[in-house]
Amino acid sequence: MRKIIAIGLAAVACSASLTLSTAADAAAADRSPQCVKVRKYFNNGHNRYVRLTNLCGKRTSCFTIVIPHAKDPRGRLPKGETKDVRYGKTSGPRALFVRNTPC
């Protein structure tokens, strides 16, 4: 009797881990590649900038700069390029992070 219960529990555990790994693979397939990397946040004069680098050498990458209580600027970075992107004035809110988005 104990052997049957142990086999049943093992089967349930295996099917649960298979379901979790399948769900994780599906979630990873929906995400865009993480190509845009933040190098630096800085101010120049009265403007705020973020220096971004596209780590994917074979494709253009898209990004969104997330700013609280403001419209989020979006943009594209060509293959392997580093670029300073102006996203606001120093009197406005600072960017929280940069999100990679699908193009």
- Using the Cα centre as the reference, give the magnitude of the dipole from point charges on the C-beta atoms of region 45-103 (Lys, Arg: +1; Asp, Glu: -1; all else neutral), rounded to the nearest 20 debye. 80
- Note on the structure: Sorting Cys62, Cys56 on solvent-accessible surface, 1.4 Å probe, most exposed first, gives Cys56, Cys62
- Efficiency of FRET from Cβ geometry, Gln34 and His69, R₀ 41 Å, rounded to 0.05: 0.95
- Task: Work out, step by step, the length gained on full extension between Arg76 and Thr90: first 0.36 nm times the residue separation, then minus their alpha carbon distance; give nm to one decimal.
- Result: 2.7 nm
- Message: What is the percent carbon and sulfur in the accessible area of region 56-103, measuring with a 1.4 Å probe over the protein chains and ignoring ligands?
- Response: 50
- Note on the structure: Computed from the beta carbon distance with a Förster radius of 22 Å, FRET efficiency for Lys58 and Lys83 to the nearest 0.05 stands at 0.80
- Query: How much solvent-accessible surface does Ser91 expose, in Å² to the nearest 10, with a 1.4 Å probe and all protein chains in place?
  - Reply: 110
- Message: Restricting to DSSP loop positions (anything but H, G, I, E, B) with no more than 11 other Cβ atoms inside 10 Å of their own Cβ, which trypsin sites (Lys or Arg not before Pro) remain in region 47-83?
- Response: Lys58, Lys71
- Task: With a 1.4 Å probe and every protein chain left in place, tell me how much accessible area Thr101 has, in Å² to the nearest 10.
- Result: 30
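The values are calculated or read from the model by the stated rules, or taken from the named source; none is laboratory data. Predicted model only: the values in this text are computed from it and were never measured. Here Cβ is always computed from backbone atoms with ideal geometry, including for glycine, and neighbour counts include all displayed protein chains. Ligands, DNA and RNA are stripped out before the accessible areas are found, and what is left, the full protein with its side chains, is counted by its heavy atoms. Shrake-Rupley method; radii C 1.70, N 1.55, O 1.52, S 1.80 Å.
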